[in-house]
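The values are calculated or read from the model by the stated rules, or taken from the named source; none is laboratory data. Model, not experiment: these values are computed from the prediction. In this analysis, Cβ positions are derived from the backbone assuming ideal geometry, glycine residues included, and neighbour counts consider all displayed protein chains. Keep in mind that these areas ignore ligands, DNA and RNA; they rest on the heavy atoms of the full protein, side chains included. Shrake-Rupley method; radii C 1.70, N 1.55, O 1.52, S 1.80 Å.
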Amino acid sequence: MSRLIIVSNRVSPPVGEGQANQGGLAVALSSALRETNGIWFGWSGNEIEQFTGQINMARAGGVTSATIDLEPQDIDEYYNGFANRTLWPLFHDRTDLAEFERTFAGGYERVNARFAETMLPLITPDDLVWVHDYHLIPLGSELRQRDVKNRIGFFLHTPWPVARLLLSLPHHRQLVEALFDYDLLGFQCQAWLDSFLEYVRDQFPEAQIDAKGNIRVGGRDVRVVSCPIGIDAKEFIAGANSAEAAKAGQAMLKSLDGRSLIIGVDRLDYSKGLEQRFHGYERLLLDHPDYQETVSLLQIAPPSRADVVSYQDIRKQLDALSGHINGEFATVHWVPLRYVNRGYDRTSLAGMFRIARVGLVTPLRDGMNLVAKEYVAAQDPEDPGVLILSKFAGAAEQMQSALLVNPFSPEELSDALAQALSMPLEERKARWQPLRESVEREDVHCWLRCFLKALSGKGADVISFDEARHQGKNKQDAEHPEGIEARSFA
Ligand code: ADQ
């Protein structure tokens, strides 16, 4: 197989092989890099006074990383600016929060050009180049301008917005034209892929699109695939079955004192629907007073992107709302909402997921959502909990036997919570079984195979996601190397 070069906004410093508590995405990407002796290229996360283009190479656990430092203006305009204040809100249907500033767009172009220029000497003719996420949409085009002929693929971890929303972005055509310089575009689910094709049909009527997702436009052929990301299910299940997880679960059970646990675990981000979730929980306590003092909602939400004002705002709103709910309902013996702004290690999370009667995963819009899959993987087959999942998460396409809800409706959330809390064991098992099977089958290794086969393939003969998930089941005995959490890309 060709050598793989992965490019993402952030690259975590390499850590030792076999290190515990690594995210599934990092495990899978690292194992592909190790197999092909590849390189992971991106920003170190460090600031430098003036950009030098110097690459810091490091190697650990068989994985080579190549990182660059960025100057403050780059970080402001490219990362905090265009990526997180323009594209992220826009791609999550929050045009009200999207900021369209010329300097952001300029910084985005400049940093993508810097990435291309700096990584150029690392690329050899047979390498496969795999670019990740919305920070780096123009990178493929920047590489083509520098005469890179390699196969280059792009995977979008977020949703792709509907065409009429994307039109609000100045120079939207330019952004999409840059995508045509890739050989392969991967989306998390069919809905995002369909939105992309809708835009292309509308804005580029000359493009020829066939039923297999091949686009011929501007003299280039681009293939588009729906290729849902998964978790490292085997590793997560093992973690959930471990003594360490049991200890975390027992400690939580003890503190609950016989009450049922509803759990939510999310980055503190307005796309995750935490405000609406809290309102739904408040509705439950009002509409079903019998649940007062018999349930607890644990919401774990470590802050992210704290330099961006909209994130400071959502944090303030949640602080106030959690205070309001506890003020309204708490008794001297019972805190209805435990709202915790810190991260936990993956094994402790798995232990808490396992004892939670309900997993509450209700983003307003989400590319995929791995927490939904982790909650399912952590359950006890003899006594599984119930997953309540937003219809607007990419994961909903694969997880149809969850309780699917409209996260904007407090009544619907309250009804779903009441249904989940009173669901008989038989129904819980019947709903959980197919979820568990799909989480195991369509895991992160399946995603990796699907994308890489398509990237290395030619024309229409590439593998589909359905074929990929039936192949190489035994290849999943992956090594468990080091890496980063899904969210560390951002
Ligand atoms: P995120 O928006 O970060 O990722 P998600 O898919 O839920 O969202 O992944 C978050 C990861 O971080 C999960 O593995 C979760 O367990 C972990 N995590 C969250 N809170 C934590 C905490 N308090 N302590 C420890 N770990 C925590 C983006 C897209 C998603 C897409 C992923 C992968 O927004 O839609 O699913 O990339 O493609």
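In the set (1) closer than 20 Å to residue 365 by Cβ; (2) within 14 Å of the ligand (Cβ to nearest atom), residue 279 fails one condition alone, (2). Annotation: of all residues in segment 165-195 being in a helix (DSSP H, G or I) and within 16 Å of the ligand (Cβ to nearest atom), the one that is most open to solvent (accessible area, probe 1.4 Å) is 190.
For segment 304-333, the candidate set comprises residues that are open to solvent by 60 Å² or more (accessible area, probe 1.4 Å) and outside any helix (DSSP H, G or I); within that set, the residue that is nearest to residue 361 (Cα to Cα) is 306. Within the set 377, 395, 420, 372, the sole residue that is touching a strand residue (DSSP E or B) at 6+ places or on another chain (Cβ under 6 Å) and under 28 Å from residue 186 (Cα atoms) turns out to be 372.
Report, by residue number, each residue of segment 222-277 that is among the hydroxyl-bearing types (Ser, Thr, Tyr) and either in contact with a Ser or Thr (Cβ under 7 Å, 6 or more places away or on another chain) or open to solvent by 10 Å² or more (accessible area, probe 1.4 Å) (or both).
226, 242, 255, 260, 270
Is there a residue in segment 265-283 that is in contact with a Lys or Arg (Cβ under 7 Å, 6 or more places away or on another chain) and of a type in the set (Val, Ile, Thr)? No, segment 265-283 has no match at all. Looking at this structure, is residue 308 within 16 Å of residue 80 (Cβ to Cβ) and touching a helix residue (DSSP H, G or I) at 6+ places or on another chain (Cβ under 9 Å)? Judged against the criteria, residue 308 is a match. State whether one or more residues within segment 153-162 are open to solvent by 20 Å² or more (accessible area, probe 1.4 Å), of a type outside the set (Ser, Thr, Tyr) and closer than 15 Å to residue 367 by Cβ. Yes, some residue in segment 153-162 is open to solvent by 20 Å² or more (accessible area, probe 1.4 Å), of a type outside the set (Ser, Thr, Tyr) and closer than 15 Å to residue 367 by Cβ. Scanning segment 205-231 for residues that are assigned to a loop (DSSP other than H, G, I, E, B) and away from the ligand (no atom under 16 Å from the Cβ) yields 205, 206, 207, 210, 211, 212, 213, 218, 219. Select from segment 335-358 the residues that are open to solvent by 40 Å² or more (accessible area, probe 1.4 Å), assigned to a helix (DSSP H, G or I) and within 12 Å of residue 256 (Cα to Cα) and list them in ascending order. Of everything in segment 335-358, just one residue is open to solvent by 40 Å² or more (accessible area, probe 1.4 Å), assigned to a helix (DSSP H, G or I) and within 12 Å of residue 256 (Cα to Cα), namely 355. Taken over segment 128-155, the criterion of being over 17 Å from residue 78 (Cα atoms) and within 16 Å of the ligand (Cβ to nearest atom) is satisfied by 130, 153, 154, 155.
From the list 224, 309, 295, 265, the one residue that fits, being farther than 24 Å from residue 389 by Cβ and in contact (Cβ under 8 Å) with a residue 40 or more places away in the chain, is 224.
Among the residues of segment 282-303, those that are assigned to a loop (DSSP other than H, G, I, E, B) and either buried (at least 21 other Cβ atoms within 10 Å of the Cβ) or within 16 Å of the ligand (Cβ to nearest atom) (or both) comprise 301, 302. The set of residues in segment 265-276 being part of a helix (DSSP H, G or I) and either among the aliphatic types (A, V, I, L, M) or away from the ligand (no atom under 16 Å from the Cβ) (or both) consists of 274, 275, 276.
Here's a check for you: in segment 62-86, which residue that is in contact (Cβ under 8 Å) with a residue 60 or more places away in the chain and buried (at least 20 other Cβ atoms within 10 Å of the Cβ) is nearest to residue 27 (Cα to Cα)?
Only one residue tops the list, namely 63.
Here residue 243 meets each of (1) of a type in the set (A, V, I, L, M, F, W, C); (2) out of contact with any strand residue (DSSP E or B) (no Cβ under 8 Å at 6 or more places or on another chain); (3) within 15 Å of the ligand (Cβ to nearest atom) with one exception, condition (3).
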